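Have a look at the structure below, then the notes.
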Amino acid sequence: QVQLVQSGGGLVQAGGSLRLSCAASGRAFSTYAMGWFRQAPGKERDFVAAINSNTYYAETVKGRFTISRDNAKNTVYLQMNSLKPEDTAVYYCAAERGGNIWGKYDYWGQGTQVTVSS
């Protein structure tokens, strides 16, 4: 069982920045694909970014968000710059044990609220 514990998030004005962190338990972290997803009120959960040996981004965040990982710390990060009100959502990190960005994510963090005021 892999546990994912998220931190970061909060309230920021439009144009500001936030960094989310997601720490994973276990010894196989470096083999996982890690993703960030978000869910706005009344909407479905959407893909934001993911990383294995490469990085992938949704078009809506490309150029503003950066996903990175520190395998020595079992942690994945999401640096969010130039935030917009439409980025407001609950953000979730997730782990895919097979290392496949487009696979089924097996484990999920608890979610963290990001609110961007205009």
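Just checking, does region 69-77 include any residue being in contact with a helix residue (DSSP H, G or I) (Cβ under 7 Å, 6 or more places away or on another chain) and open to solvent by 50 Å² or more (accessible area, probe 1.4 Å)? Yes; the residues of region 69-77 include at least one that is in contact with a helix residue (DSSP H, G or I) (Cβ under 7 Å, 6 or more places away or on another chain) and open to solvent by 50 Å² or more (accessible area, probe 1.4 Å).
No other residue among 53, 7, 30 is assigned to a strand (DSSP E or B), open to solvent by 20 Å² or more (accessible area, probe 1.4 Å), closer than 20 Å to residue 107 by Cβ and polar (S, T, N, Q) apart from 7. Cβ-Cβ distances below 6 Å connect the following pairs, each with a first residue in region 53-68 that is closer than 19 Å to residue 95 by Cβ, a second residue that is open to solvent by less than 80 Å² (accessible area, probe 1.4 Å) and assigned to a loop (DSSP other than H, G, I, E, B), and a separation of six or more residues or different chains: 56/101.
Do you know which residues across region 93-108 are open to solvent by less than 40 Å² (accessible area, probe 1.4 Å) and either closer than 16 Å to residue 46 by Cβ or modelled with pLDDT under 95 (or both)?
Once the filter is applied, which keeps residues that are open to solvent by less than 40 Å² (accessible area, probe 1.4 Å) and either closer than 16 Å to residue 46 by Cβ or modelled with pLDDT under 95 (or both), region 93-108 yields 93, 94, 99, 101, 103, 105.
For residues that are part of a loop (DSSP other than H, G, I, E, B) and within 13 Å of the chain's Cα centre (by Cα), scanning just region 89-118, find the one that is farthest from residue 38 (Cα to Cα).
Among residues in region 89-118 that are part of a loop (DSSP other than H, G, I, E, B) and within 13 Å of the chain's Cα centre (by Cα), the one farthest from residue 38 (Cα to Cα) is 101.
Taking the condition more than 21 Å from residue 106 (Cβ to Cβ), at pLDDT 95 or above and either under 12 Å from the mean Cα position of the chain (by Cα) or not hydroxyl-bearing (Ser, Thr, Tyr) (or both), does residue 86 pass? So residue 86 passes the test.
Just give me the residues in region 78-92 being surrounded by fewer than 18 Cβ atoms within 10 Å (Cβ to Cβ) and touching a residue at least 60 places away in the same chain (Cβ under 8 Å), in sequence order. Matches in region 78-92: 79, 81, 82, 84, 85. When you check residue 96 against the structure, is it in contact (Cβ under 8 Å) with a residue 24 or more places away in the chain and more than 14 Å from residue 19 (Cα to Cα), yes or no? Spelling it out, residue 96 is indeed in contact (Cβ under 8 Å) with a residue 24 or more places away in the chain and more than 14 Å from residue 19 (Cα to Cα).
Within region 33-43, restricting attention to residues that are touching a strand residue (DSSP E or B) at 6+ places or on another chain (Cβ under 9 Å) and open to solvent by 20 Å² or more (accessible area, probe 1.4 Å), the residue that is farthest from residue 58 (Cα to Cα) is 41.
The values are calculated or read from the model by the stated rules, or taken from the named source; none is laboratory data. These numbers were taken from a predicted model, which means no experiment stands behind them. Reconstructed Cβ throughout: ideal geometry from the backbone, glycine too, with neighbour counts over all protein chains shown. Protein only, heavy atoms only, side chains kept; ligands, DNA and RNA dropped before computing areas. Shrake-Rupley method; radii C 1.70, N 1.55, O 1.52, S 1.80 Å.
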